[in-house]
1. Taking 1 over the mean of 1/r across every pair of different Cα atoms in the chain, what Kirkwood radius in Å do you get?
2. What does the C-alpha gyration tensor say about the overall shape of the stretch 353-471? Classify as rounded when a/c is under 1.5, otherwise prolate if a/b is larger than b/c, or oblate.
3. Over all directions, what mean area does the Cα convex hull of the stretch 448-524 project, stated in square nanometres?
4. So if the hydrodynamic radius of the stretch 86-238 is defined as the Kirkwood radius over C-alpha pairs, what does Stokes-Einstein give as its diffusion coefficient at 25 °C and 0.890 mPa s, in µm² per second?
5. Quick one: which of 164-171, 479-486 comes out on top by average Cβ neighbours within 10 Å, and what's the full order, highest first?
6. For the chain, which whole-number percentage of the solvent-accessible area (1.4 Å probe, protein heavy atoms only) is attributable to carbon and sulfur atoms?
7. Determine by what factor the alpha-carbon radius of gyration of the stretch 423-553 differs from 2.2 N^0.38 Å, reporting the quotient.
8. If Ser529, Ser432 are ordered by their accessible area, calculated over protein heavy atoms with a 1.4 Å probe, which sequence runs from highest to lowest?
Amino acid sequence: MRNLLILGTLALFAARVILSLIRTGPVLVADEMGYLANARAIAGGIGGQMELAPFYRGGYSLLIVPLINLSSDPSVVYHLVLVLNAALAASVFPLLYLLLTRFAAVPAKIAIWAALAGAVYPAVTVLSQAAMSENALFPLACVWLLAFGGLLAARDRRRELLWGAALGASAGALWAVHNRMIVAVAIAVVGLIWLTVRRRLHPAASALALAIIALAFLGAHLLDDFLIAHKYGGSATDELSQRTNELLRFGSLRTALANLVGQSWYLLVATFGLAAAAVADFVLRARRARDSHEERPPPVLGILLALTALLLLISASAFSERTRPDMLIYGRYTEVVAPALVAFGLAAPARARLTRPLAWPLLGFALLTGAVALIRATASEPDAANRWNVSALPFVTVQLGPGILVGAAIVALAGAWLLVRASALGPRALGSLAIALFLAVVAYGAWNPVRSSERAVYPSGWTSPQAVAHAEGADAIAYDLDHYDTIGLYAFQWFLPDSRLTLFHGNSQRPASRYVLSGGSWAREHPGSGAKEIWSAVGRDQVLWRLARLHAQ
């Protein structure tokens, strides 16, 4: 098993590194630029102009900081970030294996296949191709579950202290990476207090864990303040308060409830029903333990399901006003637990007995699919769907109309039926089939958004503005918001590591620099500026101009 574990981890790492070779730079903006600019600011460089963007926590960026100074070429640094992502994603495999074997009593011959299937969950591969915080959340969620399992299994003071420290550190790290992981902190705090009150945990271990969480909160707060001062002009929107206020409106609450239905449906479809198998395993084992005093389900499974439920609530509430079709079934916020759900679903001891009572689950799934399709049919979201946020959907994306959702449900149902049939052939056959299903989705769900986004942002013939800006000594560039382009402001900003950007409106304000990033019509609109084009983005109306006269209109 050890050799298979090592080979599997290396293979997963290599596959994601190879996929990253087609990449050039950020494509998911402003998200990627937020985390990359964080790292650049922490490393002592120019943090970037992010005043118009949401605030991005600095936890994931801390992992990127050591890479910033390894090269002066932003493209090289970006590829190093993708290599780091590949390593983080590959670590999910051994972490899941340890979780199943040590704290869920799963035999090694079953755990190895279940963990591998969880590690090839499509979203893990897709998001490894972007500088997004999920790359840190995937392994951190596994570490958090391991720490919880270790604390619950500890039988002496020393182990309690060690596992308590690990739980506090992992919970604090999750919070520092993304604020939605406050739910993991809440579960950890409640669990520590409950275990202490029930005298199952020594107060010293609980106090240590809570102290580490408190220190992590303080550290994250100080880091946030630093980033806000260096990137956001000294202030950033309180996203949590803003979304809470929006949610209190009746229409927003109704939308959030619809999102909860849609996003729960997505988690079932994206895992080919394995998330439901994990829930069923927990419920059935808990019922049998209550009725016949059999062994209870592993506590870490219950903790995983609690985390899943709370993340679904957080994610559903995050989109009180939908502007894109994918927001109804948005998966990215909850998919950090999907690998573990897949692993537990495949390892479920009761899976072979799920062939009998399938009528009611099938009816429930059909009704759920009908409800999601109906909600989508009666909604109107004008923007295009974003495949990155539903990357494990086992179907084409297009505009995610009702027909697409029904088609995805049928594919997921067929995959679930095959898994049920394969369960009679043993763990290797079951695990291999699950891996094959996920790899088929990766072939479309990973290659399609990665390739299409890359080509849209960096078409053939695109060149970086870095060389021109460096040769010109353009240490300051004014960005014209009257020719605002999301890619131009954020993605191209990554390739200007030595230039400080300022924002202005070209039709009513004077630029604060002789170098202006605007549209191709700047010289015509400002004939007195003596503007000369020194760089232009292929396929995009974004041009870097050098002005002959500073402040000229």
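1. Details: mean 1/r = 0.0402 Å⁻¹.
It is 24.9 Å.
2. Details: a/c = 4.56, a/b = 1.70, b/c = 2.68.
Oblate, since a/c reaches 1.5 and b/c is not below a/b.
3. Numbers: hull surface 22.8 nm².
Averaging across all directions leaves 5.7 nm² for the Cα convex hull.
4. Numbers: Rh = 16.8 Å.
The estimated diffusion coefficient comes to 146 µm²/s.
5. Numbers: 164-171: 25.0, 479-486: 18.5.
Highest-to-lowest ranking by the protection proxy: 164-171, 479-486.
6. Carbon and sulfur atoms account for 63 percent of the accessible area of the chain.
7. That works out to 1.58 for the stretch 423-553.
8. Values: Ser529 0, Ser432 50 Å².
Heavy-atom accessible area, descending, gives Ser432, Ser529.
The values are calculated or read from the model by the stated rules, or taken from the named source; none is laboratory data. In this text, all values refer to a predicted model and were calculated from it rather than measured experimentally. Heads up, the Cβs are rebuilt from the backbone with ideal geometry, glycines too, and the neighbour counts pull from every protein chain shown. Note: areas computed on protein heavy atoms with side chains; ligands, DNA, RNA excluded. Shrake-Rupley method; radii C 1.70, N 1.55, O 1.52, S 1.80 Å.
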